[in-house]
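To start, the structure under review is shown below, and the notes come after it.
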Amino acid sequence: MAIWISRPLRLSLALVLAVAAPMMAAEVNLVNGDFEQPELTSELVPVGWHIDQREPRPSPHIQRQALLTHGGRYGVRIADYRADAGYPLRSRLYPAVPGETYEASAWVWNVEGDGWLYLEFYRAPGQRVSETHLGCGATGEWRQIVVRDQCPAEARYVAVLLYSAIANVGETAWDDVSLSGQAGEGEAANLDTKGAQASVDWSYLYDVGDRKQLLFDDLFFAAHKGFWWRVCPPHKTGEKTLVADKPWESFLINWFSVLQDEGKFRMWYECYDSTYGGDQNARYCYAESTDGINWTKPNLGLVEFQGSKDNNILFHGLGGLTNHGGTVFRDPQAPPSERYKFIFFGLVRPGGDQYRVCAGYSADGIHWQRYEKAPILDVESDTQQSAFWDERIGKYVAYCRLWTPTRTIGRSESTDFLNFPSAVEVLGCDELDPPDTDMYNNAAMKYPYAENAYFIFTSMYYHPTDNLDIQLAVSRDGVHWTRPERKPFIENGPPGSLDDATAYMAPGLVRQGDELWHYYFASRARHNQVYPQWESYGSTYTRVTLPLDRYVALDASVMPATFTTHPLTFTGTRLEVNADVRPGGYARFELRDEAGQPLPGFGLADCEPLRGDSVRHQVRWQGGDLSTLAGRKVVLHCEARDASLYAFQFVR
């Protein structure tokens, strides 16, 4: 139940309650509801409060402020700059008593837009059971919102959420928040979903040398203001790169992977004929290309199909067993006989019924053998696996599916590729995602063209509509992941298009000059549709393109934005920046000493503003080249307006 209470009525109710209320159990003690405590969290918001995991740290949208307060010195400002996003600030989770009634109240001043107050109940951190909320439009004055509801039987925690609503762009001030009701047993739960990441020592990132650094999160920044992160969808070519046009592919072409290898483009893919027979009945096939656009299916003469070996089939059940959801990668650490690795989900033993993650190897990517050691990872990962050699840690890394209890993404690492310990969940859906949604696959990769950059391209499976699109997650170490935005990296197309229902990214990446290519599976058939829909709708692989490094933009609007890094150590003589500066905008940079003072000749006033669009703008200062500063600790400061920044690199 959500209600407005006028000031006279609130006073009357308070008097009645003061006279009539008997001795009561301990009340919930909301920490820092008036925002007066001076401490800030690692997210640079008032102590006792947390931003959601979509937000960078510190958030440019949610800040403590002293300009507009209801009582005391401080309040909170939520600035909603975008029509496709909302920005929540949540309290800790306080133990609650099922069946008891709780009340949340807050004072709000909506300059414009819409602010909402939520009363939330949780089974456990990250598992919201129910919520009640109330909002108001522009007020032009302080107004109190009160929300009241009963704790559900299955809930154990209660929390307050302050929210700037989606589509109502504007600015909201909040102050004097309260939460009342009987306190349950136990301690308050810290809902800081970035707590694990906040405790990681990221200082190793700051020795940037002459290696490129992507700007897809805030880990380089000691402070920033006015910037936000935007996922950059690639350009869909609409090409039908590869289609199911052979009898052994008559039902479906499915999971695949692509490599740019030995002067050509190579593709490994699984397929099924019209008899299907289940996921484990996949055949694995091979295609290649000289340009990455026009592909051929060479006759390999390896496997017989309907009385002929005139086909491109590599194997039908590697090692005489089954396989599904496989990925091929080139292993730089392996002897020549095992240069290509194949990781897949398959039957562990002949005559058995256990399916786990297994592996194969090849010298040339054509002639394959199965490793006798099985499984290599003891997990029932019934989707496409991904694996690669990570030179940063000197180990093989595998990503798989976990059920916890919905589909999530797990990670494991191994020194020898054949003995992976139990996978640990590193990414999954949460209460910020649509209900009944999970992550279907991972298509994980270590980005080869910048340092400390990892990507996951997961297909978000929306159960109510039975469709899947592709979202992007980013990481500096492959363990701690964030999603810069909860929006598709590759969205489903309009009705009738080749990907209007289903999209799965393929592991692998192609670079052509300063352009990157990805390939993905596309279909008009939905996940739970069955034969003949999958056969009649067809399936295809298609290609998308994007400029070098431009997966996530650090955006500045028409209002100037700034960032200041932690002290960095570099080698080189000049600074290059990948940026798109729009007409009327600019980006300028400053180098400072560790005390924060501009270095002579390298201040903002000494910097020639960047303008236009280039993947390698050269930053020029009156102080000349940077050779005298190489090896010293310097702070990089940026001021930008109407610009998108993607990466920086000190170059020799």
Exercise for the section: Could you list, in their original order, any pairs among Lys446/Lys487; Lys341/Lys487; Lys264/Lys395; Lys373/Lys446; Lys240/Lys373 whose Cα atoms are separated by more than 30 Å? Expected result: Lys341/Lys487; Lys240/Lys373
Completion exercise
In whole µm²/s, the translational diffusion coefficient that Stokes-Einstein assigns to region 464-534, given a Kirkwood hydrodynamic radius over C-alpha pairs, 25 °C and 0.890 mPa s, equals 175
Exercise for the section: Rank Asn528, Pro547, Val558 by how far each Cα sits towards the positive end of the charge dipole of region 527-608 (+1 on Lys, Arg Cβ; -1 on Asp, Glu Cβ) and give me just the farthest. Expected result: Asn528
Handout entry: Tilt relative to the chain, helix 7-20 - C-alpha long axis, 0 to 90 degrees, to 10
Key = 80
Exercise for the section: Excluding Asp310 itself, calculate the net charge of residues whose Cβ lies under 13 Å from the Cβ of Asp310, where each Lys or Arg counts +1 and each Asp or Glu counts -1. Expected result: +2
Problem - Calculated diffusion of region 149-303, Stokes-Einstein form, Kirkwood radius summed over Cα pairs, 20 °C and 1.002 mPa s, µm²/s - result: 92
Exercise for the section: Give the accessible area for Lys225 in Å² (nearest 10); use a 1.4 Å probe, count only protein heavy atoms, and leave out ligands, DNA and RNA. Expected result: 130
Practice task
Any chance you could tell me what percent of the C-alpha pair distances in region 390-536 go past 19 Å?
Solution key: 56
Exercise for the section: Pop a pseudo-label 7 angstrom from the Cα along the beta-carbon direction at both Lys309 and Asp433 and give the gap in nm to one decimal. Expected result: 4.5
Fill in the blank from the handout: Sparse-neighbourhood loop hits (GluC sites (Glu not before Pro), region 333-392; DSSP loop; Cβ within 10 Å at most 15 others) -> Glu372, Glu380, Glu391
Exercise for the section: Among Pro375, Ala173, Leu402, flag the residue with its Cα farthest along the positive direction of the charge dipole of the chain, charges on Cβ as +1 for Lys/Arg and -1 for Asp/Glu. Expected result: Pro375
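Looking at region 377-437, what % of the alpha carbon pairs are farther apart than 14 Å?
Values: 1033 of 1830 pairs.
So the portion of pairs separated by more than 14 Å is 56 percent.
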Fill in the blank from the handout: Against the 2.2 N^0.38 Å rule of thumb, the C-alpha Rg of region 492-563 sits at a ratio of 1.55
Problem - Contour excess over end-to-end distance, with Cα ends at Tyr206 and Asp378 and 0.36 nm allotted per residue - result: 58.2 nm
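For region 340-408, what is the charge dipole size about the Cα centre, in debye to the nearest 20, if Lys and Arg each add +1 at the Cβ and Asp and Glu each add -1 at the Cβ? Don't skip to the answer; put the middle values down first.
Details: 9 positive and 8 negative charges, 16 e Å.
The dipole of region 340-408 has a size of about 80 debye.
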Handout entry: region 455-574: Rg to Rh, with Rh as the Kirkwood radius over Cα pairs
Key = 1.08
Handout entry: Reach of Lys246 by Cα under 15 Å, taken over aspartates and glutamates that are not fewer than 8 positions away in the same chain
Key = Glu270, Asp273, Glu304, Asp310, Glu535
Problem - Value of relative contact order over the chain, rounded to a whole percent, pairs C-alpha under 8 Å and six or more apart - result: 12
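State the percentage of accessible surface on the chain attributable to carbon and sulfur atoms; use a 1.4 Å probe and exclude ligands, DNA and RNA. Can you show the working numbers first?
Details: 13010 of 25810 Å².
Within the chain, the accessible surface is 50 percent carbon and sulfur.
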Exercise for the section: Would you mind computing, in nm to one decimal, how far apart the modelled labels at Asp390 and Leu300 are, each placed 7 Å from Cα along Cα→Cβ? Expected result: 3.0
Handout entry: Pair Gln529, Val348: separation of 7 Å Cα→Cβ label points (nm)
Key = 3.7
Problem - Check: the chain dipole with +1 on Lys, Arg Cβ and -1 on Asp, Glu Cβ, in debye - result: 820
Completion exercise
Long-range alpha-carbon pairs in region 506-647, meaning those over 19 Å apart, account in percent for 62
Problem - Within-9-Å neighbourhood charge of Thr573 [Cβ basis; K, R +1; D, E -1] - result: +1
Practice task
Please give the contour-minus-distance gain from Gln333 to Thr545: 0.36 nm per residue of separation, less the Cα-Cα distance, rounded to one decimal in nm.
Solution key: 73.3 nm
Practice task
Just name one of Asn294, Gly624, Leu67: the one whose Cα is farthest towards the positive end of the charge dipole of the chain (beta-carbon charges, Lys/Arg +1, Asp/Glu -1).
Solution key: Gly624
Completion exercise
Binned at 20 Å starting from 0, the alpha-carbon pair-distance distribution of the chain in whole percents comes out as 17, 45, 31, 7, 0
Exercise for the section: Might you report the magnitude of the Cβ-based charge dipole of region 461-598 about its Cα centre, with Lys and Arg at +1 and Asp and Glu at -1, to the nearest 20 debye? Expected result: 40
Completion exercise
For region 273-321, the Cα gyration tensor yields equivalent-ellipsoid semi-axes (√(5λ), largest first, whole Å) of 22, 13, 11
Problem - Overall Cα dimensions of region 577-619 - principal axes, largest extent first, Å - result: 33, 18, 14
Exercise for the section: Evaluate the Debye formula for region 336-463 with equal point scatterers sitting on the alpha carbons, no solvent, and hand back log10 of I(q)/I(0) at q = 0.12, 0.18, 0.20, 0.23 Å⁻¹, in q order, two decimals. Expected result: -0.49, -1.02, -1.19, -1.40
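Please give the per residue accessible area of the chain, computed with a probe of 1.4 Å over protein heavy atoms only, in Å². Kindly include the intermediate steps, with their values, before the conclusion.
Values: 25810 Å² over 652 residues.
Accessible surface, normalised per residue, equals 40 Å².
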Practice task
Round to a whole angstrom and tell me the spacing of the C-alpha centers of region 124-177 and region 560-629.
Solution key: 42
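The values are calculated or read from the model by the stated rules, or taken from the named source; none is laboratory data. Treat the numbers as computed from the prediction; the structure is a model and nothing was measured. Cβ atoms come from the backbone with ideal geometry, glycine included; neighbour counts cover every protein chain shown. Calculation scope for accessible area: heavy atoms of the full protein, side chains included, ligands and nucleic acids excluded. Shrake-Rupley method; radii C 1.70, N 1.55, O 1.52, S 1.80 Å.
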